[in-house]
Amino acid sequence: QVQLVDSGGGLVQAGGSLRLSCAASGRTAKTYCMGWFRQAPGKEREVVVTISRTDGSTYYADSVKGRFTISRDNAKNTLSLQMISLKFEDTAVYYCAVSEAHYCGPNPEGYDYWGQGTQVTVSS
């Protein structure tokens, strides 16, 4: 089992910045891929960005490229998401997720464990 705790969400004006954090505990040795997903009201959960534990390769959704940056500290089992130039359409609940199956793709079904989510609200 892996436990994930998300934090760092909040209310920010458009153009502002936020930094999300995720702390992993438990069976973290097999957390091959980690990522951030988000879900807005009435919409399906979608990938924001993922990162591989082994080579650090990343996958960014087109909508966040150039604005969001993921980072991972394997020694501390933490994951961060720096978000700048936030837009109203970035408003959503953001979830940290872990895949134990070497899957670092965009499909949420490929991830085994999820954080509780943290709300990001961008006012226009």
Practice problem: Give the share of C-alpha pairs in each 10 angstrom bin for the stretch 17-63, from 0 to the last occupied bin, in whole percents, shortest bins first. | Solution: 21, 48, 27, 4
Quiz prompt | Heavy-atom accessible area per residue - the chain, 1.4 Å, Å² | solution = 50 Å²
Practice problem: Considering the options GLY26, GLN13, VAL47, tell which one lies farthest towards the positive end of the dipole of the stretch 7-57, charges being +1 on Lys and Arg and -1 on Asp and Glu at the Cβ, about the Cα centre. | Solution: GLY26
Exercise. For the stretch 9-124, with all protein chains present and a 1.4 Å probe, just round the carbon and sulfur fraction of the accessible area to a whole percent.
Key: 49 percent
Quiz prompt | In order through the stretch 37-48: 3J(HN,Hα) via Karplus (6.51 cos²θ - 1.76 cosθ + 1.60), integer Hz, x for Gly, Pro | solution = 10, 9, 9, 8, x, x, 10, 6, 5, 10, 6, 9
Quiz prompt | the chain - charge dipole about Cα centre, Lys and Arg +1 at Cβ, Asp and Glu -1, debye rounded to 20 | solution = 260 debye
Exercise. Using the Karplus curve 6.51 cos²θ - 1.76 cosθ + 1.60 with θ = phi - 60°, work out ³J(HN,Hα) for each residue of the stretch 93-103 in order, rounded to whole Hz, and write x for Gly and Pro.
Key: 8, 9, 10, 7, 9, 10, 10, 9, 10, 6, 9
Quiz item: Dimensions of the stretch 84-124 along principal axes (Cα, Å, largest first)?
Solution: 39, 19, 16
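The values are calculated or read from the model by the stated rules, or taken from the named source; none is laboratory data. Just so you know, these numbers come straight off a predicted model, no measurement behind them. Methodologically, a virtual Cβ is constructed for each residue, glycine included, from the backbone with ideal geometry; neighbour enumeration extends over all protein chains shown. For accessibility, only protein heavy atoms count, side chains too; no ligands or nucleic acids. Shrake-Rupley method; radii C 1.70, N 1.55, O 1.52, S 1.80 Å.
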